[in-house]
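Participant: This is the structure I want to talk about, given as structure tokens.
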Amino acid sequence: MIQLFEGGAWLVNGTEIITDNADAAAQVKNRTGKEVSKSEAAKNTIAYGILEKHNTSGNMEKLKIKFDKLTSHDITFVGIIQTARASGLTKFPIPYVLTNCHNSLCAVGGTINEDDHMFGLTCAKRYGGVYVPPHQAVIHQYAREMLAGGGKMILGSDSHTRYGALGTMAMGEGGPELVKQLLSQTYDINMPGVVGVYLTGEPVKGVGPQDVALAIIGAVFDKGYVKNKVMEFVGPGVSALSADFRIGIDVMTTETTCLSSIWRTDEQIRDFYEIHGRTEEYQELNPGEVAYYDGMIMVDLSKIRPMIAMPFHPSNTYTIDEVNANLKDVLHDVEERAKVSLDGAVPYSLQNKVVNGKFMVDQGIIAGCAGGGFENICAAADILRGSYIGSDGFTLSVYPASMPVYMELIKNGCAAAILETGAVLKTAFCGPCFGAGDTPANNAFSIRHSTRNFPNREGSKLQNGQISSVALMDARSIAATAANKGVLTPATDFDGEIGKYQYHFDANIYQNRVFDSKGVADESVEIQFGPNIKDWPAMGALPENLVLRVVSEIHDPVTTTDELIPSGETSSYRSNPLGLAEFTLSRKDPEYVDRAKDIQKAEKARMQGEHPCQAHPDVKPVMGVVKQTFADVSHENTGFGSTIFAVKPGDGSAREQAASCQKVLGGWANIANEYATKRYRSNLINWGMLPFLIKAGELPFKNLDYLFFPGIRKAVEEKAETIEAYRVSVEEGKLFPFTMKLGELTDEERQIILKGCLINYNRVD
């Protein structure tokens, strides 16, 4: 089904793979009659060509990328624009689309969600952007329909910014990276590795894009096979897939922890652009005659079977048949994993879901950028047609990804077929993906064609004793399960016909409702602020020395951004930095906020010219121990704050708030064995936080210890390879030394850290 090469691979004429070995170059010459070096062949990937076109550094090893377009949604664009405004923003220099698909319910916290929307509309008018009102489209569907273009690059402040199937290299990053683009700065990365995904065969009936995606994620995630690399989809199997099918696979590449994705394009993608009235955006993309890839993933589409990602990660994958055949073992494995994910905070068992030997689910959801596509919902309608979901506890909700998709489902009768079953059709909304919509009951099990199933993304509140589970499945198998009244069922069991429906895009829906400035800014427009929209608090520059208290210690194998800052109802506060910060680590370590704010008192006092020992009783004894060895250290040249340790933080969302919330509470650093994603590490840096690395197994401190970093500012300035640090023991009156690293930092990143954050780096006084 899925095969991973141990090393690199050569692709000849797009159809022949040669393993990278001692004879590879000779085999390539034998096939082509040409001598091609590995370095030259690496330039023949689709990814290399697009990156080269957008690189401004003149050095393809050290990229400085300028994107063609930007996009954000309503839990990120307020903070991004506020940051850019503080840095002198006068006009959006490139097209910037503001969608409203996350805070769409306008129910939690009074007026504050709609206040954010009006902020977005007035900013689109003032700075020359595009504003997509709530319920019109989820962010990525609008981008596919209206923004993508062959050979283009798009940067979005959502981790699932993936339009590779349409020939667009897109990346999801934290808000500060979009701020840089708004200020005409660049996205700075080393040239990423490129991994080929070679597709052969074609899917059997009942298998959908989520099945293919989950099979790939399950094969690569734990190995880190594509981490921070570009996935390039090639091979004859690509042409066996419709545009919608490719899009459904592509959006899930985020869950592999890759940097981006790109696909070869063909007439089916040309047809997609033609349907949407944008034929001029089509570009045929193929690798060169001889291309070299840093790795190769072989996927035989004909062998993929309906998949399920069991709680609590998209990589926890099985075939549905495997789950049904081995219920006891699989459920036991999930329960054992849950002990780690949930820290034993609540009792967790799935055994009561087994009724008469069958696994019963409580809820089905088909939604968002992954599940809400036209073909997915049409296929679900055909499987459901003539069935009824029943009048018991099982529910089914379907969210078309955009109003044009919704309209076509009404016209072709699929909407009626779905509604007749007892299911519910809702408007475009990302809520089910991050815990803000269709929250299941306590102990319920939900199956969803969406992007993630991390703990807490479905609405659980462990501190209140509430827990539910999400498993990821394809729309087809969700429909088959719904038709079977909640009995877990693969769509390959469906023996009826799944039709092919022609899609007709109605552009009038957007023309009549979306505000498009056409790039024209109007400085006479006053920005509309709601009472919850707050400026970022003042942040100081990195001091000469640091005293940090460890205020949380997390030993989970991976810590998600949803654990660092919960999604769901907290999203309503994402325009209020201090208000949102109150939720930091609230579901993982409820004591974090008070501990961080406690030591922050010392730094606030220091920033106001007061002696920090008057603000916090620990300062005097800690500094007393430090001064025994470092006599020149004083409260004038030493900052105080907090840090956390996590084994591998940052998997999942691109939301900058996972870092900024720590910062506004006085956080100066994270300490980790590794960072799960580039985007989380970048968020730390852009908020002036030190991304420390410490070797696995070496942890010379524990929670609530104080750490001292002498000369930390000088170390950053002088690009020190190792960072000198000490654990401060007041009881023993001693300093215990250890070392850490910061990893590679660009000159600009060092300056951002030295200034204290990106706002300070760019601030116009």
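The values are calculated or read from the model by the stated rules, or taken from the named source; none is laboratory data. Every value quoted in this text rests on a predicted model; they were computed, and no experiment measured them. Reconstructed Cβ throughout: ideal geometry from the backbone, glycine too, with neighbour counts over all protein chains shown.
Participant: Checking residue 571 against (1) over 22 Å from the mean Cα position of the chain (by Cα); (2) buried (at least 24 other Cβ atoms within 10 Å of the Cβ): exactly one of these is not met. Which one?
Facilitator: If we test residue 571 against (1) over 22 Å from the mean Cα position of the chain (by Cα); (2) buried (at least 24 other Cβ atoms within 10 Å of the Cβ), just (1) comes out false.
Participant: Return the residues of segment 183-214 that are crowded, with 24+ Cβ neighbours inside 10 Å and aliphatic (A, V, I, L, M); say none if nothing qualifies.
Facilitator: Residues satisfying the conditions are 194, 195, 197, 199, 207, 212, 213, 214.
Participant: Right, another one. Anything in segment 496-524 that is within 23 Å of residue 373 (Cα to Cα), surrounded by fewer than 16 Cβ atoms within 10 Å (Cβ to Cβ) and of a type outside the set (A, V, I, L, M, F, W, C)? List them, or say none.
Facilitator: 496, 497, 499, 500, 502, 504, 506, 508, 511, 512, 513
Participant: With (1) over 18 Å from residue 486 (Cα atoms); (2) crowded, with 23+ Cβ neighbours inside 10 Å as the list, and residue 365 as the residue in question, which single condition is left unmet?
Facilitator: Only one criterion is unmet by residue 365, namely (1).
Participant: Regarding residue 697, is this residue free of Cβ contacts under 8 Å to residues at least 12 places away in the same chain, assigned by TED's automatic domain parsing to the domain that holds residue 654 and either part of a loop (DSSP other than H, G, I, E, B) or of a type outside the set (Phe, Trp, Tyr) (or both)?
Facilitator: yes
Participant: If you go through segment 741-754 one residue at a time, how many are assigned to a helix (DSSP H, G or I), at pLDDT below 95 and over 15 Å from residue 186 (Cβ atoms)?
Facilitator: 0
Participant: Kindly check whether there is at least one residue in segment 429-436 that is under 17 Å from residue 394 (Cα atoms), assigned to a helix (DSSP H, G or I) and modelled with pLDDT under 85.
Facilitator: yes
Participant: A further question follows. Among the residues of segment 6-20, write down those that are surrounded by 13 or more Cβ atoms within 10 Å (Cβ to Cβ) and in a loop (DSSP other than H, G, I, E, B).
Facilitator: Passing the criteria: 8, 13, 14, 20.
Every residue, every condition in (1) part of a helix (DSSP H, G or I); (2) in contact with a helix residue (DSSP H, G or I) (Cβ under 7 Å, 6 or more places away or on another chain), yes or no:
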residue: 151; (1), (2): no, yes
residue: 159; (1), (2): no, yes
residue: 178; (1), (2): yes, yes
residue: 181; (1), (2): yes, no
residue: 184; (1), (2): no, no
residue: 196; (1), (2): no, no
residue: 215; (1), (2): yes, no
residue: 225; (1), (2): no, no
residue: 244; (1), (2): yes, yes
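Participant: Now, a different point. Counting just the residues of segment 136-188 that are among the polar types (S, T, N, Q) and closer than 25 Å to residue 268 by Cα, which one comes out farthest from the chain's Cα centre (by Cα)?
Facilitator: 168
Participant: Go through segment 525-547 and give me each residue that's surrounded by fewer than 18 Cβ atoms within 10 Å (Cβ to Cβ) and among the polar types (S, T, N, Q).
Facilitator: Scanning segment 525-547 gives a single hit, 528.
Residue by residue, here is whether (1) assigned to a loop (DSSP other than H, G, I, E, B); (2) over 24 Å from the mean Cα position of the chain (by Cα); (3) closer than 30 Å to residue 31 by Cβ holds:
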{"site": "262", "(1), (2), (3)": "no, no, yes"}
{"site": "269", "(1), (2), (3)": "no, yes, yes"}
{"site": "283", "(1), (2), (3)": "yes, yes, yes"}
{"site": "292", "(1), (2), (3)": "no, yes, yes"}
{"site": "297", "(1), (2), (3)": "no, no, yes"}
{"site": "311", "(1), (2), (3)": "yes, no, no"}
{"site": "318", "(1), (2), (3)": "no, no, no"}
{"site": "324", "(1), (2), (3)": "no, yes, no"}
{"site": "333", "(1), (2), (3)": "no, yes, no"}
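Participant: Looking at (1) in contact with a strand residue (DSSP E or B) (Cβ under 8 Å, 6 or more places away or on another chain); (2) farther than 14 Å from residue 510 by Cβ; (3) not aliphatic (A, V, I, L, M), which is the one condition that is false for residue 141?
Facilitator: Residue 141 satisfies every listed condition except (2).
Participant: Which of the residues belonging to segment 237-287 are among the aliphatic types (A, V, I, L, M) and in contact (Cβ under 8 Å) with a residue 60 or more places away in the chain?
Facilitator: 240, 241, 243, 247, 249, 251, 252, 259, 262, 269, 275, 285
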